[in-house]
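J.: One structure is given below, represented as structure tokens, and several questions about it will come after.
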Amino acid sequence: MSKIIVIEGTDCSGKETQAKLLEEKLKKLGKRVAMFSFPMYDTPTGKIVGGPLLGKPEICKSYFDNPSTLDPKIFSLYLAIDRKYNIDKIRKYLDDDYIVILDRYVSSNMAHQGGKIMDESERFKLYNWIETLEYGLLELPKPDLTLFLHMPYEQACILKQNRVNLDEVEKNEEYLINSEKTYLELSEIYDFKTIECVIENKIRTIDDINDELFNIVKEFLDNKRLILHN
């Protein structure tokens, strides 16, 4: 039976790395698995997001003066369009009963754009607006399980010291701090499975984090199988 497993996370939490490791481990168990990352930067809509919107150096400079402060609904539409444009690639695997792992999905839109809104009631309105837009109007499939990798901003700064080619959003401290707060809020609202990447002020190893993540996913899949058999 097909499943969508989403991996979300704050800056430098290793979302893509963890998604790839999970894919490898599930395949070793004999599962049929496919993995995708959003935005899909190698597609037309992904290139628009990566360049004109975010200003990734390897694509082109952002068309906006400051994408970090761009109206959250406008920003959300660009990212939603990328998912809508590419969703048929994912549906093919779902129709063939694959487990699909997504590195970022609709909830990343909620977190990053919600972080721009300080008023709680207005922020919640945006969450609902994005849900209606992506799951309702654009008819994107909802995830079955969302895992949230929490890397606190202070430790993320340490990991980011040697990174190059940062886009305009990744350079903005206030934006990233607010996005972290919003992710934590969303994890409670939507019952994400939260994995702490730092314990006692020490950054955990990639393998240690992945062991916890894999165990959560395996338990989820095992429970679903038991329910089906019953």
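The values are calculated or read from the model by the stated rules, or taken from the named source; none is laboratory data. As the structure is a computational prediction, the values presented were derived from the model and not from experiment. We place every Cβ from the backbone using ideal geometry, glycine too, and count neighbours over all the protein chains shown.
J.: Which condition from (1) aliphatic (A, V, I, L, M); (2) within 18 Å of the chain's Cα centre (by Cα); (3) at pLDDT 95 or above is the one that VAL198 breaks?
T.: (2)
J.: I'm checking my understanding of the structure. Among residues of the stretch 117-153 that are closer than 21 Å to ASP82 by Cα, touching a residue at least 12 places away in the same chain (Cβ under 8 Å) and in a loop (DSSP other than H, G, I, E, B), which one is nearest to the chain's Cα centre (by Cα)?
T.: So, considering only residues that are closer than 21 Å to ASP82 by Cα, touching a residue at least 12 places away in the same chain (Cβ under 8 Å) and in a loop (DSSP other than H, G, I, E, B), the one nearest to the chain's Cα centre (by Cα) is PRO143.
J.: Also, I was wondering about something else. Could you count how many residues in the stretch 1-60 are over 17 Å from ASP144 (Cα atoms) and assigned to a helix (DSSP H, G or I)?
T.: 20
J.: Name the single residue, out of those in the stretch 35-52 being under 16 Å from the mean Cα position of the chain (by Cα) and in contact (Cβ under 8 Å) with a residue 40 or more places away in the chain, that is farthest from LEU79 (Cα to Cα). So that I can check it myself, show each step before the final result.
T.: The initial filter retains those residues of the stretch 35-52 that are under 16 Å from the mean Cα position of the chain (by Cα), namely 35-41, 46, 49-50.
Retained after the next criterion (residues that are in contact (Cβ under 8 Å) with a residue 40 or more places away in the chain): 35-40, 46, 50.
Values: MET35: 18, PHE36: 15, SER37: 12, PHE38: 8, PRO39: 7, MET40: 10, GLY46: 8, GLY50: 10 Å.
The selected residue is MET35.
J.: Name the residues in the stretch 68-114 that are closer than 23 Å to ILE189 by Cβ, in contact (Cβ under 8 Å) with a residue 60 or more places away in the chain, assigned to a loop (DSSP other than H, G, I, E, B) and of a type in the set (D, E, K, R), would you?
T.: Matches in the stretch 68-114: ARG104 only.
J.: Checking the condition among the small types (Gly, Ala, Ser) and free of Cβ contacts under 8 Å to residues at least 12 places away in the same chain, which residue from GLY55, GLY30 passes? It would help to see each step written out before you state the result.
T.: Working: GLY55 fails: free of Cβ contacts under 8 Å to residues at least 12 places away in the same chain.
Selected residue: GLY30, the only one of GLY55, GLY30 that is among the small types (Gly, Ala, Ser) and free of Cβ contacts under 8 Å to residues at least 12 places away in the same chain.
J.: Name the pairs whose Cβ atoms lie under 8 Å apart, with the first residue in the stretch 185-196 and over 12 Å from SER107 (Cα atoms), the second in a strand (DSSP E or B) and β-branched (Val, Ile, Thr), and 6 or more positions between them or separate chains?
T.: Filtered contacts from the stretch 185-196: LYS193/THR146.
J.: Which condition number does ASN172 fail, the rest of (1) surrounded by 14 or more Cβ atoms within 10 Å (Cβ to Cβ); (2) free of Cβ contacts under 8 Å to residues at least 40 places away in the same chain being met?
T.: The number of the failed condition is (2).
J.: Can you pull out every residue in the stretch 1-45 that is of a type in the set (Ser, Thr, Tyr) and in contact with a Leu (Cβ under 8 Å, 6 or more places away or on another chain)? Break it down stepwise before answering.
T.: Going residue by residue through the stretch 1-45, those that are of a type in the set (Ser, Thr, Tyr) are 2, 10, 13, 17, 37, 41, 43, 45.
The answer is SER2, THR10, SER13, SER37.
J.: So which of GLU185, GLU212 is at pLDDT 95 or above and under 22 Å from GLU16 (Cβ atoms)? Before you say what the answer is, go through the steps one by one.
T.: Details: GLU185 fails: under 22 Å from GLU16 (Cβ atoms).
Result: GLU212 is the single residue among GLU185, GLU212 that is at pLDDT 95 or above and under 22 Å from GLU16 (Cβ atoms).
J.: Here is a further query. If a residue has to be farther than 25 Å from TYR153 by Cα and β-branched (Val, Ile, Thr) to count, how many in the stretch 6-41 make the cut?
T.: So the answer is 1.
J.: While we're looking at this one, here's another question. Filter the stretch 22-51 down to residues that are among the aromatic types (Phe, Trp, Tyr) and closer than 22 Å to SER2 by Cα, then give me how many there are. First the steps, then the outcome.
T.: Filtering the stretch 22-51 for residues among the aromatic types (Phe, Trp, Tyr) gives 36, 38, 41.
Now restrict to residues that are closer than 22 Å to SER2 by Cα: 36, 38.
Number of matching residues: 2.
J.: Go through the stretch 117-164 and report how many residues are surrounded by 15 or more Cβ atoms within 10 Å (Cβ to Cβ) and polar (S, T, N, Q).
T.: 2
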